[in-house]
Amino acid sequence: MSAHSNHSVSSAQTAVESDLLLQKAREIASQFEIPEGYLQKAVDAYIAQAADSLNQDLERGIPMIPSYVSRAPTGDEKGVLIALDLGGTNFRVCSIELQGDSRYGMIQSKSQVPTEIMTGSLTSFINYLSDRIEEFLIKTHPDHVKKAKAGSKEIYRVGFTFSFPLKQISANSGTLIRWTKGYDIEEAVGKDLPQILQKELDARKLNLFLAAVVNDTVGTLLTRAYTKPKGCGPTIVGCIFGTGTNGAYSEPLANVKKFDRGVHPEVVDDDMVINTEWGSFDNDLKILPNTKYDAQLNLNTPNKDFHMFEKRVSGMFLGELLRLVMVDLYEQGILFTSSEAKQKLTKDSPLYTPWSLNTATPAAFHGDTTPGLDQAREHIVEKLGFEPTLEELQAIQVVAKSIGIRSAYLSAIPIAGALLHSKALDKYDTVDVGADGSVYEKYPGFHETIMEGLAKTDIGAEGIKRISMGIAKDGSGVGAALCALQFEV
Ligand code: BGC
């Protein structure tokens, strides 16, 4: 009898504890909520900040970088080109055959850039890239390499997708403004990385001509224009929601006051694709939400106080935000209260290790519709090494969803900004947006929530019916090749 009543006291206590946990989780989730009416205000702020940066380069503004790319592809382009792609932890080298008729073939090799290269010296970084390129060429185009080393003049054009803020000086040169996404090679900042790479490739006598350096968003814009399903309107925005986030769109050069046409007689078109680097929208946090977890996360990044929009939106950060919330709840003594959990959660455990959880964690919670949250449970067991309770999983799910939904709603801001600023919906019956990146592709409901977000702006529920938004696979490979075709050797 007494054992029985002890048991009911402790389960009553547990019920109180889990109520408290859920209540606390809801409270935190509410800090990530996007209030009604917020999105259009944020779009207005985005448009104003973007316009300021078209007039002049502003240290803390949205970079709005002219890309030197003007023409949208027709789908008929043909040729064999080499594409390089550095955008996150992977470096890819591809050989691309554009076959015309919107089709292409591709062979590629991918390597994971070691952390010591991501944060090491400029020389070891350039050597690392060049080694991978040379290996790939020897494997896939051995005749070209043999002839090149023997003095032949035949070249391959190369398009280099370099997905970091690069202030372009021409189609194939530009200086690094700053690193993002965890890279930190200090001596590279301010240097013309594409031309440093070109020099090294020349020294190796590979007969490669770096014709274009492009951002992945520019590549995505062009690739979507090349491959979009028949019947879609013109592609207005190319965007990435992956490790980082960014977008590109085309702007009349007359509006880009900071671009001096006199200095660039080679530029003949009236419009130019702008690599916005919208990850830096509102670096001064005039309008972006800022929970204590956002603030904590920012302190632990190499690009502290920059790319503040990206830090609320993209894949590198969503898992980290959730980890910070879990640490907070654990330290309040209301999450992971079992003795097994406490034993595992030492200061060197993954829960306490910055960046140990990526977006797969909130995604596993967000997408789990099973009553027992089985997928989420498995994820925690795998990542943290102990069995959480159902109540704990439910509480984490509430927070995970709020982080994911906030990310997708915020993503709608610069897309709406580009569409409204360009008046595309006034000019065309239907318009198209191309997107790529792991978050866009894999995060549960991400696309749908962006569309909901767009509907909450001046585009409205009717407007979104005239927008097709879809995946542009491999903008970084094909897009770079398409750009490389545009420039003279
Ligand atoms: C970079 C952009 C890039 C984006 C998506 C950001 O961190 O600054 O250049 O386009 O990530 O890869």
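The values are calculated or read from the model by the stated rules, or taken from the named source; none is laboratory data. The structure displayed is predicted, hence computed values, not measured ones. Here Cβ is always computed from backbone atoms with ideal geometry, including for glycine, and neighbour counts include all displayed protein chains.
Observations
- Whenever a residue of segment 280-304 is within 20 Å of G319 (Cα to Cα), its partners that are outside any helix (DSSP H, G or I) and away from the ligand (no atom under 16 Å from the Cβ), lying with C-beta atoms within less than 8 angstrom and at least six residues away or across chains, give the pairs P289/F32; P289/I34; T291/F32; N300/P354.
- Any chance E154 is under 17 Å from I117 (Cβ atoms) and more than 16 Å from the ligand (Cβ to nearest atom): no
- Restricting S170, S163, S130 to those that are within 16 Å of the ligand (Cβ to nearest atom), under 29 Å from K473 (Cβ atoms) and in contact (Cβ under 8 Å) with a residue 60 or more places away in the chain reduces the list to S163.
- Residues that are more than 20 Å from S173 (Cα to Cα) and within 16 Å of the ligand (Cβ to nearest atom), drawn from segment 222-242: T223, R224, V237, G238, C239, I240, F241, G242
- Residue in segment 298-322 that is nearest to the ligand (Cβ to nearest atom), counting only those that are crowded, with 20+ Cβ neighbours inside 10 Å, over 30 Å from S250 (Cα atoms) and of a type outside the set (G, A, S): T301
- So T359, is it surrounded by 20 or more Cβ atoms within 10 Å (Cβ to Cβ) and of a type in the set (V, I, T): yes
- None of G333, G279, G315 is at pLDDT 95 or above and more than 30 Å from A171 (Cα to Cα) except G333.
- Pairs, first on the phi > 0 side of the Ramachandran plot in segment 392-412, second surrounded by 20 or more Cβ atoms within 10 Å (Cβ to Cβ), C-beta under 8 Å, six or more apart: none
- Restricting segment 173-199 to residues that are among the charged types (D, E, K, R) and free of Cβ contacts under 8 Å to residues at least 60 places away in the same chain, the residue that is surrounded by the most Cβ atoms within 10 Å (Cβ to Cβ): D192
- A single member of D202, D216 is acidic (D, E), within 23 Å of K473 (Cα to Cα) and either at pLDDT 95 or above or crowded, with 24+ Cβ neighbours inside 10 Å (or both), and it is D216.
- For segment 71-110, a residue qualifies if it is in a loop (DSSP other than H, G, I, E, B) and either β-branched (V, I, T) or within 23 Å of the chain's Cα centre (by Cα) (or both), and the qualifying residues are A72, T74, G87, G88, T89.
- Single unsatisfied condition, V381 versus (1) in a helix (DSSP H, G or I); (2) under 27 Å from the mean Cα position of the chain (by Cα); (3) away from the ligand (no atom under 16 Å from the Cβ); (4) among the hydrophobic types (A, V, I, L, M, F, W, C): (2)
- Single residue of segment 243-272 satisfying the filter (within 16 Å of the ligand (Cβ to nearest atom) and at pLDDT 95 or above) that is nearest to Q168 (Cα to Cα): A248
- Any hit, segment 451-465, residues being under 27 Å from T89 (Cα atoms), in contact (Cβ under 8 Å) with a residue 24 or more places away in the chain and not polar (S, T, N, Q): no
- Residue check: K167 meets all listed conditions (1) under 23 Å from the mean Cα position of the chain (by Cα); (2) outside any strand (DSSP E or B); (3) surrounded by fewer than 20 Cβ atoms within 10 Å (Cβ to Cβ); (4) basic (K, R) but one, namely (2).
- Which listed residue is of a type outside the set (F, W, Y) and under 20 Å from L98 (Cα atoms), from T235, T245: T235
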